[in-house]
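Notes for the one structure printed next.
The values are calculated or read from the model by the stated rules, or taken from the named source; none is laboratory data. Predicted, not measured: the structure shown is a model, and the values here were computed from it. When we count neighbours, we look across all protein chains shown, and the Cβ atoms used for this are built from the backbone with ideal geometry, even at glycine. To get the accessible areas, we keep the full protein, side chains included, count just its heavy atoms, and leave off ligands, DNA and RNA. Shrake-Rupley method; radii C 1.70, N 1.55, O 1.52, S 1.80 Å.
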Amino acid sequence: MGTKKTSDRLNSAIIFVTIICQVWVSLAKLSGINVWPQPRLMSWPQRQATLISPNFIITSPEHPYLSSAVNRYLNLIKNEQYQPQVTPSVNITTPPLLTLSISVENLFTPLHHGVDESYTLTIPANLSMANLTAQTVWGAMRGLETFSQLVWGKPSLVAVGLYVWDSPLFPHRGLMLDTSRNYYGVDDILRTIAAMSSNKMNVFHWHITDSHSFPLVIPSEPDLAAKGSYGPQMQYSPDDVKNIVQFGLAHGVRVLPEIDSPGHTGSWAEAYPEIVTCANMFWWPAQTEWADRLASEPGGTGHLNPLNPKTYQVLKNVITDVVNLFPEPFYHAGADEIIPGCWKADPTIQSFLSKGGSLSQVLEKFVNITLPFIVSLNRTVVYWEDVLLDDLVKVDSSFLPPQHTILQTWNNGPNNTKRIVKAGYRAIVSSSEFYYLDCGHGDFLGNDSQYDQPAGSSPGNGGSWCGPFKTWQTIYNYDITYGLSGEEAKLVVGGEVALWSEQADPTVVDARLWPRTSAMAEALWSGNRDETGKKRYSEATDRLNEWRYRMVSRGIGAEPIQPIWCIRNPGMCNTLHPFV
């Protein structure tokens, strides 16, 4: 028995040395490692790496979501064997890494806004154990993602002699997906959430319903989906929602529901025509001015009628069920784009206006009934900025208590962010000039004469109201607290990219989102500047290139940002001449 053990150990040693020699030869043309988002602090002075042991394990405390993440990452680390476009140049050390040990200080802290996501990762050289420590399981998940990106190759190597301390700059790092205009299957949503987790994002803002369709099955109001969805195969059941929410928790991603109202509710009229104004009417009738339109886009007609008591019976049922379906402490209530013409088309509202009332008072009545109800269900209410900042229809700030209200900005870049925080509200930044991912693909109107222009005329913005296309560098370089004082900046909780789905569906969603969303993910996690304060988009290009290829290897259809030649010839695709 002893002779056999000695022989086995000798054979294992010979195999290990042979593998090291093979790895060393393959590393002749290599450079550094890549982690996205870049950690706040990472030290790797000796550029050393070792093999991942075939018996590699991850030890951690028992926790339903952390244990799930550990199993997921253990499988990834052992089987991904990602081959970088530019392989890191390293010195190989021994022994192989056998264990990643995770310790968590506060094991049962829930995944809520502002949760501590910090972690520390230490992978010593010449030892067989690495250590990941975090205050919460959610921080541990972020550390697991970093560790997974430090592993590459076949056989798998991991960087050693490495230390990481990491924590996000902003607590809210989100992605908004519209599933009303075009439907996305549950698998598409789960894949998106998984990609978000890989990019250390933590909020999936689900714009579930709109005028075009109502795909969410509400148990107390089943007719809304039965009549307002695109069909039985394009609905989200309570079980679907539970699956998505649990998947999000297992990936450290909150699922924030948005049921937009009182505007954007035309689909409600299929079940309750009596509570919806201007439903199913042509959006911009002939011989009318733009100011007198009924909606801002085709299919968008329909506003809930705040002067009809039945509106609140139905809406309170919807809100109650949504709160029960989604444990997330934020509830997004929409309140954007109130189109005066739509409300003015209703006789009840016409009568109210004829007696000296205003449309802003109609909206104030709606908010004054619905906001306290949502708050009574232990939720913080998120609205689009329009509810306070719209030029025509808005509420007085006295109707929006700052302690219960967050405003999401989408117009006028940093100017509207400034207006929101100056008024004392917390802000989520989704400036369309920087963060709207649907922009730059033209418009979806038919019979559109703007595309029938004489040859040689200027194409303008290409027909897209928010064109041009938002490149990853545009997104990366946006400073969401630009122009704010230190105190005002504290009210900016973070940002969200947004994908409205007039011209997007599952066939294109990955490429619309990634890797441009990754650009925002890093900017909100560790910033877009280096230690000297200089914008680091030049250095980030090669890293994002590499990260895009890794995402593709993980099943995310991220679009390329450069030819392969560029990533294999670092810096050669840069310009040395400033354009501005």
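What are the residues in the range 48-89 that are within 21 Å of residue 134 (Cβ to Cβ), in a strand (DSSP E or B) and touching a Ser or Thr at 6+ places or on another chain (Cβ under 6 Å), if any?
So the first thing to find is which residues in the range 48-89 are within 21 Å of residue 134 (Cβ to Cβ), and the list is 56-77.
Restricting the remaining residues to those that are in a strand (DSSP E or B) gives 56-59.
Those that are within 21 Å of residue 134 (Cβ to Cβ), in a strand (DSSP E or B) and touching a Ser or Thr at 6+ places or on another chain (Cβ under 6 Å): 57, 59.
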Those residues that are open to solvent by 10 Å² or more (accessible area, probe 1.4 Å), touching a Leu at 6+ places or on another chain (Cβ under 7 Å) and closer than 26 Å to residue 548 by Cβ, I need them from the range 113-155; list them, please. 155
Quick one: count up the residues across the range 495-515 that are of a type outside the set (A, V, I, L, M), out of contact with any Asp or Glu (no Cβ under 8 Å at 6 or more places or on another chain) and surrounded by 23 or more Cβ atoms within 10 Å (Cβ to Cβ). 2
Residue set 540, 523, 455, 519; condition open to solvent by 60 Å² or more (accessible area, probe 1.4 Å) and among the aliphatic types (A, V, I, L, M); output residue 455
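Answer with yes or no whether residue 67 is in contact (Cβ under 8 Å) with a residue 24 or more places away in the chain and of a type in the set (Gly, Ala, Ser).
On the way: in contact (Cβ under 8 Å) with a residue 24 or more places away in the chain: no; of a type in the set (Gly, Ala, Ser): yes.
Here the answer is no, as residue 67 does not meet what is asked.
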Considering residues of the range 92-105 that are touching a Pro at 6+ places or on another chain (Cβ under 9 Å) and without any contact (Cβ under 8 Å) to a residue 60 or more places away in the chain only, the residue most open to solvent (accessible area, probe 1.4 Å): 103
Between a residue in the range 106-119 that is touching a residue at least 24 places away in the same chain (Cβ under 8 Å) and of a type outside the set (A, V, I, L, M) and any residue that is surrounded by 13 or more Cβ atoms within 10 Å (Cβ to Cβ) and in a strand (DSSP E or B), which pairs come within a Cβ distance under 6 Å, given they are 6 or more apart or on different chains? 119/134; 119/166
Out of everything in the range 382-419 that is β-branched (Val, Ile, Thr) and without any contact (Cβ under 8 Å) to a residue 60 or more places away in the chain, what residue ends up being surrounded by the most Cβ atoms within 10 Å (Cβ to Cβ)? 409
Restricting attention to the range 29-38, does a residue exist that is open to solvent by less than 40 Å² (accessible area, probe 1.4 Å), at pLDDT 95 or above, over 30 Å from residue 492 (Cβ atoms) and among the small types (Gly, Ala, Ser)? no
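Kindly provide the set of residues from the range 270-292 that are of a type in the set (Gly, Ala, Ser) and closer than 16 Å to residue 317 by Cα, ordered by number. Spell out how you get there, then give the answer.
Let us first name the residues in the range 270-292 that are of a type in the set (Gly, Ala, Ser), namely 271, 279, 286, 291.
Matches in the range 270-292: 271 only.
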Are there any pairs with C-beta distances below 9 angstrom linking a residue in the range 164-178 that is without any contact (Cβ under 8 Å) to a residue 12 or more places away in the chain to a residue that is of a type in the set (Val, Ile, Thr) and part of a loop (DSSP other than H, G, I, E, B), with the two at least 6 apart or on different chains, and if so which? none
Kindly provide the set of residues from the range 76-130 that are farther than 29 Å from residue 561 by Cβ, more than 28 Å from the chain's Cα centre (by Cα) and of a type in the set (Gly, Ala, Ser), ordered by number. 101, 125, 128, 130
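If we keep just the residues of the range 433-452 that are open to solvent by less than 50 Å² (accessible area, probe 1.4 Å) and small (Gly, Ala, Ser), which is nearest to residue 330 (Cα to Cα)?
Within the range 433-452, the first condition is being open to solvent by less than 50 Å² (accessible area, probe 1.4 Å), and the residues that meet it are 435-440, 442, 448.
Going one step further and asking which of them are small (Gly, Ala, Ser), we end up with 440, 442.
On the way: 440: 31, 442: 33 Å.
Per the stated criteria, the residue is 440.
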Residue 365 is checked against (1) open to solvent by 10 Å² or more (accessible area, probe 1.4 Å); (2) free of Cβ contacts under 8 Å to residues at least 40 places away in the same chain and fails just one. What number does that condition carry? (2)
The condition from (1) under 16 Å from residue 413 (Cα atoms); (2) surrounded by fewer than 21 Cβ atoms within 10 Å (Cβ to Cβ); (3) polar (S, T, N, Q) that residue 430 misses is numbered (2)
